[in-house]
Amino acid sequence: MSFNRKLAEAKQAWARAGRLLTGKIDPDHEMRLPPGQRLVTNWPVLDLGVQPHVEIANWRLAVDGAVEHPLELDWEAFLALPQAEDVSDIHCVTQWSRYDNRWQGVKTGVLAGLVKPKPEAAHVILHSHDGYTTNVELAHFLEEDCLVAHSHDGMPLTREHGGPARLVIPRWYFWKSAKWIKRIEFSAVDKPGFWEVRGYHNIGDPWLEERYG
Ligand SMILES: Nc1nc2c(c(=O)[nH]1)N[C@H]1C(S)=C(S)[C@@H](COP(=O)(O)O)O[C@H]1N2
Ligand SMILES: [Mo]
């Protein structure tokens with residue numbers, strides 16, 4: 001995988017130094033803005049210095065691993081699935097938050113319902129076209145507000161924001177929301193992803209300030 005090594009190393013150093021940590025937590029979500037975050041109205045772009053170009057015609061999504069019925073969807077099949085909309089807030093570990101993002105796509109629960117995770121499946125590993133991976137616990141992946149989104153505020157997701165399709169996992173810091181998704185792997189074992197092996201927290205709850213692990 002090719003990525004901007006300097007950028008990754010800089011963020012890794014921030015993690016080691018515990019940068020941005022306020023030491024405050026808000027377990028009951030009394031504030032809409034989690035500790036240490038600041039609100040933005042623009043929409044920053046974060047990636048590893050690579051923005052893969054994925055043609056709709058070639059787009060495939062594999063949903064496999066510890067499941068009864070592995071699946072590969074093309075774009076048409078993906079859009080033929082029940083469509084949903086959810087409005088949620090973004091909280092990036094680099095401190096910006098963005099309110100009221102209206103996402104359109106397919107709920108993660110719909111995909112799980114099709115493939116039927118095996119009893120031992122406890123984790124979900126997200127694989128992206130830029131080589132990025134990230135991990136999430138199955139129970140969290142299945143929350144009602146999680147989706148594989150193809151649109152934002154009614155407009156197709158742009159390439160810089162992960163189009164044609166990306167994950168949205170609003171309850172965790174936004175690094176869990178894999179852009180340019182190509183594979184959703186259900187797994188019995190946890191597999192920490194790109195940032196998780198570089199010092200980021202394995203879960204990433206913004207209200208507990210789980211920036212670093
Ligand atoms: N495939 C992939 N997904 C990714 C990333 C990435 O580098 N590659 N960066 C993550 C991080 S750190 C953040 S904050 C968000 C940024 O999404 P945005 O650019 O749409 O704001 O995407 C997440 N998903
Ligand atoms: Mo991020």
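Any read-out appearing in this document is the output of simple, stated calculations on the displayed coordinates, not a laboratory observation. Everything numeric here is computed off the predicted structure, so don't read it as measured data. For neighbour counting, all protein chains shown are included, and Cβ atoms are generated from backbone atoms with ideal geometry for every residue, glycine included.
Rounded if a/c is under 1.5, else prolate if a/b is larger than b/c, else oblate: which is the range 80-131, with a ≥ b ≥ c the root eigenvalues of its Cα gyration tensor? Oblate shape, in that a/c is at least 1.5 and b/c is the bigger or equal ratio.
Report summary: the helix-based calculation at 222 nm, which adds -39500 (n - 2.57) for every DSSP H run with n ≥ 4 and divides by the residues of the chain, gives -4000 deg cm²/dmol. Binning the C-alpha pair distances of the range 112-208 at 10 Å intervals from 0 yields a P(r) profile of 16, 50, 31, 3 %, listed from the shortest bin outward. An ellipsoid equivalent to the range 1-69, defined through the eigenvalues of its Cα gyration tensor, has semi-axes of 32, 21, 16 Å when rounded to whole angstrom and sorted largest first. The ranking of Tyr132, Tyr200 by Cβ neighbour count inside 10 Å, starting from the fewest, reads Tyr132, Tyr200. Distance between Cα centroids, the range 39-103 to the range 179-200: provide it in whole Å. Cα centroid to Cα centroid, the span is 14 Å. Ignoring lysines fewer than eight residues from Lys191 along the same chain, the ones with Cα atoms less than 28 angstrom from its Cα are Lys6, Lys11, Lys107, Lys116, Lys118, Lys176, Lys179, Lys182.
With a ≥ b ≥ c taken as the square roots of the eigenvalues of the C-alpha gyration tensor of the chain, please select rounded if a/c is under 1.5 and otherwise prolate if a/b is larger than b/c or oblate if it is not?
rounded
For the range 1-147, what is the percent of antiparallel DSSP beta bridges, rounded to the nearest 5? The answer is about 90 percent antiparallel. Here the average projected area of the convex hull drawn through the C-alpha atoms of the range 131-176 stands at 3.6 nm².
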